[in-house]
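For reference, the structure discussed in these notes is given below.
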Amino acid sequence: MKQFSQAINVISQHRLLKALDEASQAGLAGIANLRDYEAAEVIYHEGEDATDVWIVVTGQVELIKLTTKGHEFMIELAIPQDLFGAVFYAECPSYPVTAVAMQSARVMHFPIREMHDLLARNPRFMKEVLADTCLRLCHAQHMRALTIEDVPKRVAGALVYLFEKFGPEIPASRVTLAKLAGTTVESAIRLSR
């Protein structure tokens, strides 16, 4: 019962899920799971079957790709209220990135098939999720374009992204900045002073 009440609290206050009617929220809370992760603990790996949709409740989760040389490139930083792992294509869906807790984090997850059902039954919810997905796609395209730029422009682009995410009080570290910019920590420190 405690799990249900915590889940319904998260769902009813979530910027996207609160668009659902009370019955849909309660149904989702009945199948949702809350789980705590320690810093650096992997939530899921790139290439695994995409079975669940995830929401950050507390903490931060980095969504990363590994380069062929084994370096981490941060694709996105998920903070409280962010939805991640929502893979919407039907044919052999798999997670396109690895999700790792950056610090102690609590996440809620539920089956992706439930997300598909909710989208089909709730036009308002579908519109909210579509708008959020489009915004994240625009961000991803912008960050992708920055990869061909020199390091100062990549660091500047990453700082703008962090400002948009957190506002003027950016809690992220220089390591986070370096991962987002695809550079070394030393370069991130030197360029962000």
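The values are calculated or read from the model by the stated rules, or taken from the named source; none is laboratory data. Computed from a prediction, not measured in an experiment: that's the story for all the values here. Don't worry about glycine lacking a Cβ; one is built from the backbone with ideal geometry, like all the others, and counts go over all protein chains shown. Heads up: the accessible areas ignore ligands, DNA and RNA and are worked out on the full protein's heavy atoms, side chains in. Shrake-Rupley method; radii C 1.70, N 1.55, O 1.52, S 1.80 Å.
Observations on the structure shown:
- Summing +1 for each Lys or Arg and -1 for each Asp or Glu among the other residues whose beta-carbon sits under 10 angstrom from that of Leu83 gives 0.
- Between the helical axis of 112-121 and the longest alpha-carbon principal axis of the chain there is an angle of about 70 degrees.
- The residues of the chain have, on average, 55 Å² of accessible surface per residue, using a 1.4 Å probe with all protein chains present.
- Alpha-carbon Rg with Dmax, taken over the chain, Å: 17.2, 53
- Under 16 Å of direct C-alpha separation, and excluding same-chain neighbours fewer than eight residues apart, Lys179 reaches these aspartates and glutamates: Glu62, Glu72, Glu76, Glu149, Asp150.
- Degrees separating the helix 2-13 axis from the principal Cα axis of the chain, which is the longest one: 70 degrees
- Reducing segment 140-179 and segment 3-18 to their Cα centroids gives an inter-centroid distance of 30 Å.
- Protein accessible area in the chain, 1.4 Å probe - carbon and sulfur %: 57 percent
- Acute angle (nearest 10 degrees) that the helix 22-31 long axis makes with the longest principal axis of the chain, alpha-carbon atoms: 70 degrees
- Amide hydrogen proximity for Val53: with H placed 1.01 Å from N in the peptide plane, the residues at 5 or more positions away or on another chain lying under 5 Å are Phe110, Ile112.
- Potential lengthening of the chain between Glu38 and Asp132 amounts to 31.1 nm, from the contour at 0.36 nm per residue minus the alpha-carbon distance.
- Ignoring lysines fewer than eight residues from Lys2 along the same chain, the ones with Cα atoms less than 23 angstrom from its Cα are Lys18.
- Using a cut-off of 31 Å between Cα atoms, the listed pairs Lys69/Lys165; Lys69/Lys153; Lys127/Lys153 include Lys127/Lys153 as exceeding that distance.
- Measuring r between the beta carbons of Asp117 and Ser192 and using R0 = 45 Å, the FRET efficiency lands at 0.55.
- Estimated [θ] at 222 nm from DSSP helical runs (n ≥ 4, -39500 (n - 2.57)) normalised by residues in the chain, nearest 500: -14000 deg cm²/dmol
- Among residues other than Glu62 with Cβ under 13 Å from its Cβ, the summed charge is -2 (Lys and Arg +1, Asp and Glu -1).
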